[in-house]
Structure formats: C-alpha cells, structure tokens
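Working notes for the structure below.
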Amino acid sequence: MNRNRIISLLLVALFFAGVLYAGGTAEAIYPDPEKNITIVVPHAAGGSTDLIFRTLAEEMKRVSGANFLVTNITGAGSATGTNEVINNAADGYMFLGAGTHTTAATMQGLTNGYKELDYIAALNWDPFIIAVRNDKPWKTLQDLVDDAKSRPGKITMGNAGMGGATGVASVGLNLAFNKTFNVTPFNGGADLIASVLGGHCDVGIFSQSEVVANSASFRPLAILADKHSSLPLLASVPNLAEAGYPQISVPGGSFRSIMVKKGTPESVKKWLADTAEKAFNSAAFQKFMKDNGLIPAFSKLGAFAEYDKGIIADYEVILKEANLYKMTN
C-alpha cells in the first residue's frame, strides 16, 4: 500500500472516530456554544415566577458564557409548560422553571410532572399575600370574610391557576370559609393582577413580590406564611392567626426550582446545578431576592431531591382534603 493511500485511510478513520465520539458522548462537549439553553416558565410573562427565572437566566448566562433564554408556555395551570419539557429531548438544552406549581399540577393529574423530572437546584420561597384593590371597602380579612358570608358566591377569589400553589391555597381558604367565595383561576400571576386591578376579580392570592410591585394599587389583608414579611413595606401585614384564623392551614408561599427531564446525562445535570449555584450566589441575584422578600432555600441534585420529599408530603395532605388529588400511581 502506497504512502498516500495510508495517509488517506488514516484521515478517514480519524474523521469517523471524531463523529462517533461527538455522537456517543454529547455531554462531553456540553454546552454547545452554538445552542441556546431554554428555561421554560410555565406561567405568563410579568408574574413573579417569570421575573425570578429571567433574573436567574441572566446570571447563569453571565457566570457561564452559555446562551440562556426564557420562554413562557402557559396553560392548564402550569402543566402545558411542564409537558413541553417532558416531551423534549433529555439533553440539558431545555429545563423547567419548576416549584410548588409542579407539585400541585402533578397531584391534580394535569401532568406527569415531577414523576418524569430530575432535580437540579432548589432556589427560594415567595410568601403568599391576600390582597384587594385599595379602593375596595374591606380593610381587614375579617371584613372580607364577613361580607362573603353575607352573600355567598358573590365575591370572587382569584388565583394564578389551579395547577399552581395559589390555586391550592384559594381552594383551602374557601373550604375553611364554608365555600362562601367564588374561586376563579386565571392564566398566571400577570393575568390575575390585571383582573384585580381592572375590577374583574375582587380579591387575589398573590406572591409577595407581586404585591410589592403593585403596592400603590393593592391593599394587603393577610400573609399566609407563619412569619411576618421581611420587607418593611409588608412587615405589618398580619398572618392568618393574627387575622383571627389560627385554625386555617394552607400553602403559605410559592417555591421555585430547576428541573430537567429524566434521562439527562449526569455530567450535564452537574454542570447545570453548579452554574445555577454560581448564579444564585451572585451579588445581582442575592440583591434581587432581598429586594423582593424572597426566602433563600438553595440546594442541588440529591440534597434538593430530599428537600422536595417534604413538600410533596405536605401537598398530598392538602390536596386530598380538598378533593383535588388525582394521581393514580
């Protein structure tokens, strides 16, 4: 065999070896600088969940140099966006802005949700606030409840979607108040805000950050968390016990996290978790959480999986009591 023939064969062999290496171990070159990494937020743009993940995406992009972007896929509570991730490739180029909305939607049978997702990073909690437009007649939660009981079904209590934690909270409150409210789901936090501000909904269950962003127009009546808000603007808002209802226990906040489709390579999950940790600890994201009264709750991978077991156990009790539990396995 002549020299040129040998060189040609070697070049061909090296070419195919490179193709096989790239195809067989795609995670070794993750992330591909030519590809975007998409964060699916299963709620509308403008709500608190959307703002949290947009801020995180910017920091993940900054600390890694990778191309992160956010897309909003709404519907069925949070199930439509969740299903988009589940139905996509398990390659790390799409992950879910997950949280208690994922837990609630999964247990209500709207999606396979956390049963088909893996844990990347837990982020934070955003306390819930019961609030009305500031020109409404109710000055306290007691005023609102007394009025609702005097005319059952006439006062609408809105939430950001039955697949999310505010949906569970509103149903739980309505059960506690003998079903006197007309519980109404909306398409995410931004839609709920617009409906309350526009007078189409009387009272809403909001994330604390949503109330802060609309403080000039909202009157907060109670915080659903056990403790007072850490924000000076909301520090005097009573919790349920202080408002006269110590016996009521409902979801007190919205938890946010990152999850990917099961089957995503371990090295890719680790890269995403490590990048999320750097972004979480950045000065910009820490300031964002402080400014919005978010409660830090970072953990990653296996530690996050253990943490989520407690959330799942708590939600099972609440959803079964509210007759919303539809999981079959």
Charge dipole (the chain, unit charges on Cβ, about Cα centre) - positive-most of 252, 42, 65: 65
Where labels lie 7 Å past Cα in the beta-carbon direction, separation of residue 236 and residue 29 in nm: 6.2 nm
Whole-percent carbon and sulfur share, accessible surface of the chain, 1.4 Å: 55 percent
Links that overshoot a 20 Å alpha carbon limit, given the list 115/326; 179/309; 61/115; 136/227; 227/320; 115/262: 179/309; 61/115; 136/227; 227/320
Answer label, with percent of Cα pairs over 34 Å apart calculated from the coordinates and candidates (1) 80; (2) 36; (3) 28: (3)
Set of aspartates and glutamates near residue 287 by C-alpha distance (under 13 Å), chain-local residues within fewer than 8 positions excluded: 59
The chain - mean residue ellipticity at 222 nm from DSSP helices (-39,500 (n - 2.57) per run, n ≥ 4, rounded to 500): -13000 deg cm²/dmol
Accessible area expressed per residue, the range 58-125, with surrounding protein chains retained (probe 1.4 Å, Å²): 31 Å²
Degrees between helix 301-321 axis and first principal axis of the chain (Cα, 0 to 90, nearest 10): 40 degrees
Virtual spin-label span in nm between residue 306 and residue 182, 7 Å along Cα→Cβ: 4.9 nm
Net dipole in debye of the chain [+1 Lys, Arg Cβ; -1 Asp, Glu Cβ; about Cα centre; nearest 20]: 320 debye
Spacing of the two label points (7 Å from each Cα toward its C-beta) at residue 326 and residue 298, in nm: 3.7 nm
With all protein chains modelled, accessible area of residue 236 [1.4 Å, Å²]: 100 Å²
Fraction of beta bridges assigned by DSSP in the chain that are antiparallel (%, nearest 5): 65 percent
Positive-pole candidate from 243, 193, 322, dipole of the chain, charges at beta carbon: 193
Top positive-direction residue, dipole computed over the range 102-155 with Cβ charges, set 102, 127, 113: 127
Most mobile listed residue (228, 101, 200) in the chain, GNM with C-alpha springs under 10 Å: 200
Helix 141-150 axis, angle to the chain major axis (alpha carbon atoms, nearest 10°): 70 degrees
Between 0 and 90°, nearest 10: helix 266-280 axis offset from the chain longest Cα axis: 50 degrees
Centre separation in Å (Cα based) which lies between the range 262-326 and the range 78-104: 13 Å
Accessible area (Å², per residue) of the range 208-329, counting only protein heavy atoms and a probe of 1.4 Å: 49 Å²
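The values are calculated or read from the model by the stated rules, or taken from the named source; none is laboratory data. From a predicted model like this one, the values you see are computed outputs, not experimental measurements. Positions of Cβ are backbone-derived with ideal geometry, glycine not excepted, and every protein chain shown enters the neighbour counts. Only protein heavy atoms, including side chains, enter the accessible area calculation; ligands, DNA and RNA are left aside. Shrake-Rupley method; radii C 1.70, N 1.55, O 1.52, S 1.80 Å.
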